[in-house]
Amino acid sequence: MKYIGNSNTSSLFTLVYNEIRDDILAGHLKPGESLTEVKISTELGVSRTPVREAIRQLEHDGLVRSVPNKGAVVIGISEADIDDMYTIRIFAESVAAEWAIVHITKEELDQLGEIVELQEFFAKKNDFLQVWQYDAKFHNVIYTACKSRMLQHLLVDFHTYASRARELSIHSPARLLASVEEHRKIYEAIKAKDGFAARKSAEEHLINAKKSVIESFKSGNTSQPAE
């Protein structure tokens, strides 16, 4: 955890929550590990109040649970959670891609095309870290372009929770290259205003991603929950 006590933001709760959540999703905080308010508040340089509120929210999110005589304990995300999230994403994101056709602006479409071109550029240079980093940007443009606040909120949350497994799958260049090709298909379908193709391309992309993420999770660290 990084020290945030000198932050000038008015919402220390948000900063503390994001810091703890990210450490859980990244595997820095392991399943079964206790979350001690005093220790965390000292590490982050904040009072115990925002830490207590953050832990309470994480418990509500299902990432932490209260254990008698032990306090708050990390749960993390299981393989079953990954399966569930991707199954939901397959339906939700295919709808988002279809709706984006109706609502996407020229600026958003241009941005989507630029992201695909950059991914293809970095893929040719075997710079897979850059390819992977543009993945979230590609999906976020579609989430915004669908113009549904509810759908966008759902998909952004799932994509965030998927961070650890996506990080593991960076070690699969073949999957990253296939992902770039799938992004190209989605973009071309949206550009052509072909709702059926956009939906099917998004479904295919996420079905393949689900398989890769679960395989990466198993091979990367089977004892640690992930996206």
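Remarks
- Degrees, to the nearest 10: 149-161 long Cα axis against longest axis of the chain: 70 degrees
- Within the same chain, aspartates and glutamates fewer than 8 places from K210 are excluded, and of the rest, those with a Cα less than 14 Å from its Cα are E79, D81, D83, D84, E93, E167, E182, E227.
- Under 5 Å between amide hydrogens, built in the peptide plane, is the criterion, and for A72 it picks out L35, V67 among residues at least 5 positions away or on other chains.
- Helix 12-25 and the long axis of the chain differ in direction by around 70°, with both axes built from C-alpha atoms.
- For the stretch 74-146, applying the loop criterion from DSSP together with a ceiling of 14 other beta carbons within 10 Å to the trypsin sites (Lys or Arg not before Pro) yields K125.
- Angle between the chain longest axis and helix 195-220 axis [Cα atoms, degrees, rounded to 10]: 40 degrees
- Accessible area per residue, Å², the chain with all protein chains present, probe 1.4 Å: 51 Å²
- The magnitude of the dipole of the stretch 15-78, with charges of +1 and -1 set on the Cβ of Lys/Arg and Asp/Glu and taken from the Cα centre, is near 220 debye.
- Computed lengthening from M150 to K106, 0.36 nm per intervening residue step minus Cα-Cα distance: 13.6 nm
- Grouping the Cα pair distances of the chain into 10 Å bins from zero gives a pair-distance distribution of 8, 29, 31, 22, 9, 1 percent in increasing distance order.
- Alpha-carbon centroid distance for the pair the stretch 122-137 / the stretch 27-86, whole angstrom: 31 Å
The values are calculated or read from the model by the stated rules, or taken from the named source; none is laboratory data. Here the structure is a predicted model, which is why all the values come from computation and not from measurement. Positions of Cβ are generated from backbone atoms using ideal geometry, with glycine treated the same way; all protein chains shown enter the neighbour counts. Each accessible area value is taken on the protein alone, full model and side chains, heavy atoms only, with ligands, DNA and RNA left out. Shrake-Rupley method; radii C 1.70, N 1.55, O 1.52, S 1.80 Å.
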